[in-house]
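Undergrad: Sending over a structure as structure tokens; questions will come in a sec.
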Amino acid sequence: MPHNTKPQHVSHSHSACNNIKNPRLGSSNTPFARWLPAEYDDAISQPKGWDRTRRFNNFLLPLVRQVSNNILSTTDAGVVNDREYLTW
């Protein structure tokens, strides 16, 4: 490429401009869009599942730490190949 031409795309460490149609999408310090209203155990600030005896749709919620640990401890062999989600 000649030195007098500008590159068509430049990546930034803050990820701005990585998406040409929406340059701020996924960039640092941008809030996530909330698609549904927040739901709290006490209707103010306690996260769902805080009250371990309260049921949602007749089920107790698992501990967030337990869910996170289960996901992070899954090996490649433990991942099921689901063709329904292989769209790319």
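The values are calculated or read from the model by the stated rules, or taken from the named source; none is laboratory data. Just so it is clear, the model here is predicted, and its values are computed rather than measured. Cβ: placed from backbone, ideal geometry, glycine included. Neighbour counts: every protein chain shown.
Undergrad: Is one or more of the residues making up the stretch 29-44 β-branched (Val, Ile, Thr), at pLDDT 85 or above and surrounded by 11 or more Cβ atoms within 10 Å (Cβ to Cβ)? Explain how you work it out, then say what you get.
TA: Applying the first criterion (β-branched (Val, Ile, Thr)) to the stretch 29-44 yields 30, 44.
Checking the rest, the ones that are also at pLDDT 85 or above come to 44.
Narrowing further to those that are surrounded by 11 or more Cβ atoms within 10 Å (Cβ to Cβ): none.
Looking through the stretch 29-44, none of the residues is β-branched (Val, Ile, Thr), at pLDDT 85 or above and surrounded by 11 or more Cβ atoms within 10 Å (Cβ to Cβ).
Undergrad: Out of all the residues in the stretch 19-28, is one or more surrounded by 12 or more Cβ atoms within 10 Å (Cβ to Cβ) and in contact with a Leu (Cβ under 8 Å, 6 or more places away or on another chain)?
TA: Checking the stretch 19-28: at least one residue is surrounded by 12 or more Cβ atoms within 10 Å (Cβ to Cβ) and in contact with a Leu (Cβ under 8 Å, 6 or more places away or on another chain).
Undergrad: Quick check on the stretch 49-61: of everything there that is part of a loop (DSSP other than H, G, I, E, B) and free of Cβ contacts under 8 Å to residues at least 12 places away in the same chain, which residue is nearest to ALA38 (Cα to Cα)?
TA: TRP50
Undergrad: Please list, ordered by first then second residue, the pairs with beta carbon atoms under 8 Å, 6 or more apart or interchain, first in the stretch 62-88 and surrounded by 10 or more Cβ atoms within 10 Å (Cβ to Cβ), second at pLDDT 85 or above and not β-branched (Val, Ile, Thr).
TA: Once the first residue is surrounded by 10 or more Cβ atoms within 10 Å (Cβ to Cβ) and sits in the stretch 62-88, its partners that are at pLDDT 85 or above and not β-branched (Val, Ile, Thr) give VAL64/PRO47.
Undergrad: Within the stretch 49-61, can you find the residues that are loosely packed, with under 10 Cβ neighbours inside 10 Å and either of a type outside the set (Val, Ile, Thr) or on the phi > 0 side of the Ramachandran plot (or both)? Before the answer, list the steps.
TA: Keep residues of the stretch 49-61 that are loosely packed, with under 10 Cβ neighbours inside 10 Å, which gives 52-53, 55, 57-59.
Residues satisfying the conditions are ARG52, ARG55, ASN57, ASN58, PHE59.
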